Amino acid sequence: MLALLQRCLPDTPPLSTGEALRTAGAIGVAVLLTGILSTWLVPGALAPVLVASMGASAIILLALPTSPLAQPWPFIGGQLVSAAIGIALARSVDPPLLACGLAVLLTVFAMLRLRCLHPPGGAATLIPILAHHDARQFDFGYLLVPVALNAFLLLLLAWGLNRLLGRTYPHRPLPPLPDRHGTGDPLPTERAGVREEDVRAVLAEEPVMPDIGAAELRRLMARAEDAAINRVFGELDCAAVMSRALVTVSAKQWAGEAWRLLRQHKIRALPVLDLAGELVGVVTLVDLLKHIPIEGLQQDAHALTDWLMGRSEKKPLVEQVMTRTVQTVRADQALLDLVPMLSDAGLHHLPVVDAGGKLVGMITQSDLIAGLHFALVRRTMERWG
C-alpha cells in the first residue's frame with residue numbers, strides 16, 4: 001500500500017518551508033491586488049471584478065514561472081481564447097452540459113493550435129455557461145472586462161513579484177556565449193554531449209506535450225552533466241596542476257624586457273606585478289604586437305630591434321601595453337571550473353591566487369589537459385582495480 005502511495009507522488013524535489021511560504025504569499029497577494037485594482041478601475045462595480053480562473057493562473061505564473069504554460073502568451077491568449085469560446089457557445093448551444101463539453105473540446109484544440117495552452121482556460125470557458133442563470137446575458141464585452149483587465153493586471157503583478165522572489169519572468173534561456181571567431185561553429189563545450197537541437201528533436205517525437213521548454217531542459221541537463229563530471233574529477237584542484245616557478249615582469253619595466261622574457265622562456269603570457277608584488281595585469285605577445293611602431297618598420301628595418309632594446313624614442317613601459325582586466329582563479333578551485341574559461345571564453349592562461357589575492361601560480365590550457373588526463377587515468381585504474 002505504501003509503495004502504491006509513493007508511486008502517486010510527483011517525481012519532483014519538495015520545496016523548503018520558507019520557499020513554500022514565500023510562493024504562497026506571492027500568489028495570495030497577486031490575486032488580492034488583481035481583484036482590488038480591477039474593481040477600482042471599473043466605475044460602479046457592485047461586486048468584485050475578478051474571474052475565478054485567475055486564481056489558478058496565479059499559481060502557475062508564480063509557482064511554476066519557468067513552465068511554458070506560465071509564459072505571457074499562453075496566459076493571455078489562453079484566457080481570452082477560452083472566454084471567447086465559452087461566450088459563443090453559451091449564447092448558441094443548449095443544453096448547458098452539451099455546451100460545456102463542446103467548449104472544453106474547442107478551447108483545448110484552439111489553445112494547442114495557437115500555442116497558448118494554459119490549463120485554467122478549461123475553467124474560464126465554462127464560466128459564461130454556468131455562472132449565470134441566463135447565460136445569453138453574457139456578451140463579448142466580457143472579454144475586455146473582466147477577463148482582459150484581470151489578465152493584464154495579473155501579468156504585471158507576476159512580473160514584479162517573481163523579480164522580488166529572485167526569479168526571472170518571463171523565463172528566457174541564457175543567451176549563448178559570443179562566437180569569438182565569427183565562424184558560427186558551436187563553442188567547444190557545446191560540440192560534445194547533448195545539444196539543444198537534440199533535445200528539440202526528442203521532444204518533437206513525444207506523443208504528449210512536455211511541461212518544459214527545450215532550452216530549459218538542456219540547461220538542466222547541462223547542470224546534471226556538470227554534477228556527474230564533478231563527481232568523477234572534482235577532487236582535482238588548481239593547486240595540483242598549476243605552474244609554481246613563475247616568470248613575472250614589473251609594471252615599470254619597458255615592454256622590450258617582457259618580449260625578451262617571453263622568447264627566452266617560450267611562454268605566451270607574463271603576470272605583471274606592481275612594486276608591492278601585487279598582480280596588476282598580464283602581458284602577452286599580442287599585447288606587445290599591438291604597440292610595435294609599424295610606421296617605423298616600413299622606413300627602417302632596425303626600428304623593431306631599437307624598440308625592443310629600449311633605444312627607440314618610443315619606449316613604452318609594460319603598464320602601458322599590458323591587459324589590465326585579468327581573470328583569476330583560486331588555488332583551491334576545482335579544475336573543472338576552468339574548462340569553459342580556457343575553451344569557450346578563449347583564454348589561454350589563468351593566474352592563480354591564494355585566499356589573500358596573492359599570485360601563487362599560472363595555469364595554461366596544457367596544464368588543464370594534463371590534469372584532466374591524470375584524473376581520468378586514475379579513475380580508470382581505480383575502477384578496474
- Under 5 Å between amide H atoms, partner at least 5 residues away or on a different chain: which partners does Leu236 have, H built in plane at 1.01 Å? Leu335
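Give me the net charge for the shell around Thr284: Cβ to Cβ below 13 angstrom, other residues only, Lys and Arg +1, Asp and Glu -1. Numbers along the way, then the final one.
Working: positive: Arg263, Arg268, Lys290, Arg324; negative: Asp287.
Value of the local net charge: +3.
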- Item | Extension gain (nm, one decimal) between Leu4 and Leu164, 0.36 nm per residue minus Cα-Cα | 53.7 nm
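Near Val29, within a Cβ-to-Cβ distance under 14 Å, what is the net charge of the other residues, with Lys and Arg +1 and Asp and Glu -1? Before the final figure, lay out each step's value.
Numbers: positive: Arg22, Arg163; negative: none.
My count for the surroundings of Val29 gives +2.
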- Query: Exactly which trypsin sites (Lys or Arg not before Pro) in the stretch 312-370 are in a DSSP loop and have at most 14 other Cβ atoms within 10 Å?
  - Reply: Lys314, Arg324, Lys358
- Note on the structure: Karplus ³J(HN,Hα) for the stretch 74-84 (6.51 cos²θ - 1.76 cosθ + 1.60, θ = phi - 60°; Hz, whole; x = Gly/Pro) runs x, 5, 5, x, x, 5, 6, 4, 5, 5, 4
- Per-bin percent of Cα-Cα distances, the stretch 15-164 [5 Å]: 1, 11, 19, 21, 19, 14, 9, 4, 1, 0
- Message: Can you work out the Karplus-derived ³J(HN,Hα) for every residue in the stretch 158-166? Use 6.51 cos²θ - 1.76 cosθ + 1.60 with θ = phi - 60°, whole Hz, and x for glycine or proline.
- Response: 5, 4, x, 5, 4, 5, 4, 7, x
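From the Cα trace of the stretch 219-283, what convex hull volume per residue do you get, rounded to a whole Å³?
Details: hull volume 9.3 nm³, N = 65.
Each residue corresponds to 143 Å³ of Cα convex hull volume.
When the chain is fully extended, how far beyond the present Cα-Cα distance does Thr12 get from His373, taking 0.36 nm per residue of separation? It would help to have the intermediate numbers written out before the result.
Values: separation 361, 0.36 × 361 = 129.96 nm, distance 3.58 nm.
Answer, rounded to one decimal: 126.4 nm.
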- Going by how many other Cβ atoms sit within 10 Å of their own, how do Phe152, Phe109 line up, fewest first? Phe109, Phe152
- Message: Less than 13 Å Cβ to Cβ from Leu275, Lys/Arg counted +1 and Asp/Glu -1: what total charge do the surrounding residues give?
- Response: -2
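List Ser250, Ser16, Ser57 from most exposed to least, where exposure is judged by having the fewest other Cβ atoms within 10 Å.
Numbers: Ser250 17, Ser16 9, Ser57 32.
Least crowded to most crowded, the residues run Ser16, Ser250, Ser57.
If we count other beta carbons within 10 Å of each Cβ, what is the order of Glu197, Glu225, fewest first?
On the way: Glu197 11, Glu225 14.
With the sparsest Cβ surroundings first, the list reads Glu197, Glu225.
No value in this document is a laboratory result; all are computed from the given coordinates. For clarity, every value in this text was computed on a predicted model and none was experimentally measured. Cβ atoms come from the backbone with ideal geometry, glycine included; neighbour counts cover every protein chain shown.
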